[in-house]
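The values are calculated or read from the model by the stated rules, or taken from the named source; none is laboratory data. Here the structure is a predicted model, which is why all the values come from computation and not from measurement. Using ideal geometry, Cβ is built from the backbone for each residue, glycine included, and neighbour counts are taken over all protein chains shown. Areas reflect the complete protein model, heavy atoms only, side chains present, ligands, DNA and RNA absent. Shrake-Rupley method; radii C 1.70, N 1.55, O 1.52, S 1.80 Å.
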Amino acid sequence: MTTATLPYQSLTYLENFGHSLRAASYLYKPTGIEEINGIFKFAKRNNLTVALRGAGRSYNDAALNSGGIVMDLTGMNKILAWNPETGLITAEPGVTLEKLWKTVLPDGWWPPVVSGTMTTTLGGCLGMNIHGKNNFKLGPIGEQVVEFTALLTTGAQVTCSPTHNGDLFHSLISGMGMLGVFTSISLQMKKVYSGMLKIHAFNVPGLDSHLDAIADCAPENSYTVGWLDSTASGKGLGRGQIHAAQYIQEGEDPHPAKTFQVAHQTLPGTLFGIFPKSIIHYFMLPFMINPGVRLINSAKYFAGMRESHYLQSHAAFHFLLDYVPNWEKAYGNGGLIQYQSFVPKETAKDAWQELLTLSHKRGLPAFLGVTKRHRPDKFLLSHAVDGFSLALDFKITSGSRPRMHAMLQEFDKIITDAGGRFYFAKNSETSPETASKFLGEETIARFKTLKRRTDPDNILESDLYRRVFGNL
Ligand SMILES: Cc1cc2nc3c(=O)[nH]c(=O)nc-3n(C[C@H](O)[C@H](O)[C@H](O)COP(=O)(O)OP(=O)(O)OC[C@H]3O[C@@H](n4cnc5c(N)ncnc54)[C@H](O)[C@@H]3O)c2cc1C
């Protein structure tokens, strides 16, 4: 594609993952570096901005660009090199986590850091620097990257590793696609000795025991995650269920070649052997109101009263939500948003007690709560802390949107006062003031300096960038 002939295509409406935000953009899907360069030149000549998009699984406006260009990188989806001896893989940015694990697991390796869905792309995962259920042990995905190449809007190509162009390495990863486009990514995979994990599941009756359990499980386990019943109040506030998982050691699995098989990882395509998975979200729809969710959460809590130990495949443990395709559509026409806060271990309990109580008081309880243990990292726009995260999913309706917005501003104050941080892949309400408070002036100044260096014409912009950093 030459820049002279690049046509405007029709405006396309794109949405965030939760279908609660929409933006019309000119959508382009390049398949190589020359085309990406052509789009940048075209944008500059026509005074347009460009947002990068992977699978569009961010919960907010990170991959939306109202009135501008959206560059969808899912067409660049080739595995460029895979070495089953060393576990080093090099791939284009549009390769999904699904393609990644399906490539490496048959050889006895697993991606060390994955998100709760396998539909995300490597470019999107680095853009946000995703964390897994083992963040407390391995840090974010950026710490598993050996090297990447990126194309800047100036046409320059840069190769970065932790020791070469380290400032760009630590800022493009976590940089929300605002500093350059990842074009090739080399990652170290983790050796595993079975396709299964050992799971320990048990209930916790309140917020104190919930946080204690996650903290205690973390050192002893490979992964730890909590489900929090966000509708429970009183003594049951913060109750939930912990799932801790451990790798199986060498020699423990008598048939690793079998459990490594992709077919061994997947769950059945039907519910009760009858209903296709693709229609399950229609069954969920009538329950997605406050009393319905309260009922389901209570049933889930009481069903988990008996502590259990069992084996589960890597894919089923990490990507359980993917087995109900389009589950987010069960939230109805207004969609959903997620509010994820990261709070130091010393202040987490009080801060979340306030958040949960406030959401009940406002009549806007979250429908799903998920907790994790974290540790800090060195990436510029890091969301991690030495503490915990709580992700809360909220249903949006036309009637509740303004009240939700007001409540989430109150949440932001509680979390920043507690020394907490936020994640740019999730929250859709973070204001510039909140971002300044948790990132600090120095970090924002460094980010702006790097932006001027890598993207001097300010071509890379998204709705998220304008919302949070536009006037900073
Ligand atoms: C069900 C579900 C579960 C999730 N679980 C987790 C979790 O456990 N942990 C976690 O950390 N996150 C989680 N997420 C969030 C998700 O992992 C991130 O939002 C991730 O960035 C989405 O990847 P994507 O390919 O969809 O990227 P998009 O959402 O399309 O884009 C994300 C960002 O990356 C930038 N980008 C995309 N491609 C490139 C590129 N080639 N070069 C530079 N920048 C680029 C975009 O501009 C944007 O800023 C979850 C999301 C869902 C829907």
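Inspect the range 64-74 for any residue being open to solvent by less than 10 Å² (accessible area, probe 1.4 Å), among the polar types (S, T, N, Q) and more than 8 Å from the ligand (Cβ to nearest atom) and give the result as yes or no. Taking every residue of the range 64-74 in turn, at least one turns out to be open to solvent by less than 10 Å² (accessible area, probe 1.4 Å), among the polar types (S, T, N, Q) and more than 8 Å from the ligand (Cβ to nearest atom).
Against the test of being among the small types (Gly, Ala, Ser) and open to solvent by 40 Å² or more (accessible area, probe 1.4 Å), the options Ser10, Ser20 yield a single qualifying residue, Ser10.
Please return the ranges of helices (runs of 4 or more DSSP H) entirely within the range 119-174 where 3 or more residues are within 9 Å of the ligand (Cβ to nearest atom). Even if it seems obvious, please write down each step before you answer.
On the way: elements: 122-128, 135-138, 166-172.
So the answer is 122-128.
When Asp212, Asp216, Asp208 are checked against the criterion of being more than 16 Å from Val114 (Cα to Cα), surrounded by fewer than 24 Cβ atoms within 10 Å (Cβ to Cβ) and at pLDDT below 95, Asp216 stands alone in meeting it.
Restricted to the range 175-192, and to residues that are within 16 Å of the ligand (Cβ to nearest atom) and either outside the structural domain of Ile141 (by TED's automatic domain parsing) or part of a strand (DSSP E or B) (or both), which residue is nearest to Leu64 (Cα to Cα)?
Restricting attention to the range 175-192, the residues satisfying the condition of being within 16 Å of the ligand (Cβ to nearest atom) are 175-187.
In the following step, the residues that additionally are either outside the structural domain of Ile141 (by TED's automatic domain parsing) or part of a strand (DSSP E or B) (or both) were identified as 181-187.
Details: Val181: 16, Phe182: 18, Thr183: 20, Ser184: 23, Ile185: 23, Ser186: 27, Leu187: 27 Å.
Taking the candidates together, the pick is Val181.
The set of residues in the range 432-468 being free of Cβ contacts under 8 Å to residues at least 60 places away in the same chain and in contact with a helix residue (DSSP H, G or I) (Cβ under 7 Å, 6 or more places away or on another chain) consists of Pro432, Thr434, Ala435, Ser436, Lys437, Phe438, Ile444, Val468.
Of the residues making up the range 356-378, those that are within 19 Å of the chain's Cα centre (by Cα) and open to solvent by 10 Å² or more (accessible area, probe 1.4 Å) are Phe367, Leu368, Val370, Lys372, Arg373, Arg375, Pro376, Asp377, Lys378. Which residue is nearest to the ligand (Cβ to nearest atom), if the candidates are limited to the range 79-102 and must be open to solvent by 70 Å² or more (accessible area, probe 1.4 Å) and within 22 Å of the chain's Cα centre (by Cα)? If we take residues in the range 79-102 being open to solvent by 70 Å² or more (accessible area, probe 1.4 Å) and within 22 Å of the chain's Cα centre (by Cα), then Lys99 is nearest to the ligand (Cβ to nearest atom).
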